[in-house]
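Scroll down for the structure; my scribbles are underneath it.
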Amino acid sequence: MNYEWSYNPPSDAELKLAGEMAEELKISPVLARVLVARGIDSAPEARKFFRPQLTDLHDPFLFQDMQKAVNRLNEALGRKERILVYGDYDVDGCTAVALVYRFLQQFSSNIDYYIPDRNEDGYGVSRKGVDYAWETGVGLIIVLDCGIKATEEVAYAKEKGIDFIICDHHVPGEELPPAVAILNAKRLDNTYPYEHLCGCGVGFKLIQAFALNNGMEFSSLIPLLDLCAISIAADLVPIMGENRILAYHGLRQLNSSPSTGVKALMEICGLTNKEISLGDIIFKIGPRINASGRMQTGNEAVALLIERDGQKAKEMAEQINEYNEQRKDLDKSMTEEANRIVKTLEHRHEHKSIVLFNEEWHRGIIGIVASRLTEVFYKPSVVLTSNDDGMATGSARSVPGFDVYKAIESCADLLENFGGHTYAAGLSMPVRNIPEFRRRFEQYVKENIQPEQVNAILSIDAEVDFREINRRIMSDIKRFAPYGPDNPKPLFCTRQVYDYGTSKVVGRDQEHIKLELVDSKSSNVMNGIAFGQSSQARYIKTKRAFDIVYHIEENSHKRGEVQLQIEDIKPKEEVVS
């Protein structure tokens, strides 16, 4: 991929502030510069960032309708009403359902859960789900990670005497559903100070409020934080503010005392006795939970996440792992087909977006394919398939900085339904509307996308020379974890580096470069690895200068040794920003 490099050098005032913070915090001056660049400009704020405290979580009763929600939940438990915990079929929805269900199990045995079937129910709250609730005697539905646009379905449930508490983080429509309580920080009348919680995070705030209202110790909620960490990682929400607190402590729970079902998943992923990061969740745990909802139903994922018997959990995890293998095969074939289609499109280089439709594609995989297209072609992408009733269902993904939800909303008159947030959305429409949708979606993207959003950009945190890289800086970088959106792993740039003479191409297909480098300002020799960049090897071996952008890592083969993971290489002949 051809990257553009973006770097804003610190001002004199920022350098002075960073120096003062480095001295007070006793951290590397380089990392102090990174903190300042990310808007953390005081030592107390930095301490909160490095050691997030559960006591800094916001009061859950700051949510509009939280008192109403807790009152209704207290009433349901007091009357021994049947409660249905209802959620989306993705990781966020399944973890949210498991979290609330596990918590409420302490107080009632008259509780059930429901995950909609992707093919039969469609997305979100369905009439089929409401009918199931009515047939099983449910009086209260707690819906998580969806429901904010289910106006007709909630009204339908109300006619049957069923109340709703909605816990969602997606963008509301003009009309809110007639629920008893709607917990969503994206409401126009929102009073909650943090709007980036995932669906599981909103569910956690509900049980936090219930615990407060009923005099329960916060410590009773800590065993559920492993599910929050999984959800936050998989849903790619910002890892700052309240999400950072929940992710930080959720990872501690995940690494010290995971629930039985989560532990079985960790074992099937090969993560036993390993310090688990959000990256491990994104690439290993999350896809397996998702595979259940993509290939079958999310019910199996929830069943695993609430299971207490170790042997049963192991068997469930093995089944879900098999779904993931099937998903990978479908993912590969569909993505290859989608890439071929895009490459044959007329005038494709002029288009700012991608909209593909294939009635044969699997509904559970189209979101992954949309993500792959966005990564490869760096354009907002919509991938659609159809069902038997002449309706097309799709998933949309976006590039950093561009709001794909607003782009879809601009075509609302063509759509049957849509929902989502800035970087991911779902939609449905009559198949006949696809050509006009494609035209108008492209028009909106072309008129609204910014020049800096149409290229893959590496945002550099600091320019350094090799004299500044040592074990201390590597130790300090670890304190920035957990990494994610709005808090990526620090990215560095060094100019004027040279091959020490021992760099070589490695890998089964000779696709990587193992590097030993020196720079123009020191005699330090730095080891590095550049994955998939063997095309640069010939230039590097000429002993001419080049610039690199990289992460600073610990060498996995030599504990304690610093290694550079090089993201991009630019020969000095190239102009860089």
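Miscellaneous remarks
- Number of positions in the range 250-301 that are under 19 Å from the mean Cα position of the chain (by Cα) and more than 30 Å from Ile477 (Cβ to Cβ): 6
- Counted as qualifying within the range 291-385 are the helices (runs of 4 or more DSSP H) with 2 or more residues that are more than 21 Å from Phe418 (Cα to Cα) and at pLDDT 95 or above, namely 299-306, 310-344.
- Residue list for the range 124-175, restricted to those being in a helix (DSSP H, G or I), farther than 24 Å from Asn74 by Cα and open to solvent by 50 Å² or more (accessible area, probe 1.4 Å): Arg127, Lys128, Glu152
- Filter pass, Cys228 being at pLDDT 95 or above, assigned to a helix (DSSP H, G or I) and touching a strand residue (DSSP E or B) at 6+ places or on another chain (Cβ under 9 Å): no
- If you go through the range 109-123 and keep only what is open to solvent by 20 Å² or more (accessible area, probe 1.4 Å) and in a loop (DSSP other than H, G, I, E, B), you end up with Ser109, Asn110, Asp117, Arg118, Asn119, Glu120, Asp121, Tyr123.
- Scanning the range 231-258 for residues that are more than 18 Å from Gly279 (Cβ to Cβ) and assigned to a loop (DSSP other than H, G, I, E, B) turns up just one, Ser257.
- Failed criterion for Gly215 (all others in (1) among the small types (Gly, Ala, Ser); (2) touching a Cys at 6+ places or on another chain (Cβ under 8 Å); (3) surrounded by fewer than 14 Cβ atoms within 10 Å (Cβ to Cβ) hold): (2)
- Subset of the range 389-448 [surrounded by 16 or more Cβ atoms within 10 Å (Cβ to Cβ), more than 23 Å from Ile368 (Cβ to Cβ) and among the aliphatic types (A, V, I, L, M)]: Leu414
- Just one of the listed residues (Ala247, Ala264) is over 21 Å from Asp145 (Cβ atoms) and modelled with pLDDT of 95 or more, and it is Ala264.
- The listed residues are Asp168, Asp112, Asp121, and the only one of them that is closer than 12 Å to Val302 by Cβ and either acidic (Asp, Glu) or over 27 Å from the mean Cα position of the chain (by Cα) (or both) turns out to be Asp112.
- Tyr89 vs. criteria under 29 Å from the mean Cα position of the chain (by Cα), open to solvent by less than 40 Å² (accessible area, probe 1.4 Å) and in contact (Cβ under 8 Å) with a residue 24 or more places away in the chain: yes
- Where a residue in the range 534-555 is open to solvent by less than 10 Å² (accessible area, probe 1.4 Å) and its partner, wherever it lies, is of a type in the set (A, V, I, L, M, F, W, C) and in a helix (DSSP H, G or I), with Cβ under 7 Å and at least six apart: Phe546/Ile540; Ile552/Ile473; Ile552/Met474; Ile552/Ile477
- Restricting Ile182, Ile207 to those that are touching a residue at least 60 places away in the same chain (Cβ under 8 Å), buried (at least 21 other Cβ atoms within 10 Å of the Cβ) and not in a helix (DSSP H, G or I) reduces the list to Ile182.
- Residue in the range 259-279 that is part of a loop (DSSP other than H, G, I, E, B), in contact with a Pro (Cβ under 8 Å, 6 or more places away or on another chain) and over 30 Å from Glu45 (Cβ atoms) present: yes
- The condition of being of a type outside the set (D, E, K, R) and under 19 Å from Tyr101 (Cα atoms) holds for only one of Ala185, Ala211, that being Ala211.
- Condition check for Thr344 on (1) among the polar types (S, T, N, Q); (2) in contact (Cβ under 8 Å) with a residue 12 or more places away in the chain; (3) loosely packed, with under 14 Cβ neighbours inside 10 Å: one failure, at (2).
The values are calculated or read from the model by the stated rules, or taken from the named source; none is laboratory data. Because the structure is predicted, anything quoted here is derived from the model rather than measured. Because the Cβ atoms are built from the backbone with ideal geometry, glycine has one as well, and the counts that use them run over all protein chains shown. Ligands, DNA and RNA are stripped out before the accessible areas are found, and what is left, the full protein with its side chains, is counted by its heavy atoms. Shrake-Rupley method; radii C 1.70, N 1.55, O 1.52, S 1.80 Å.
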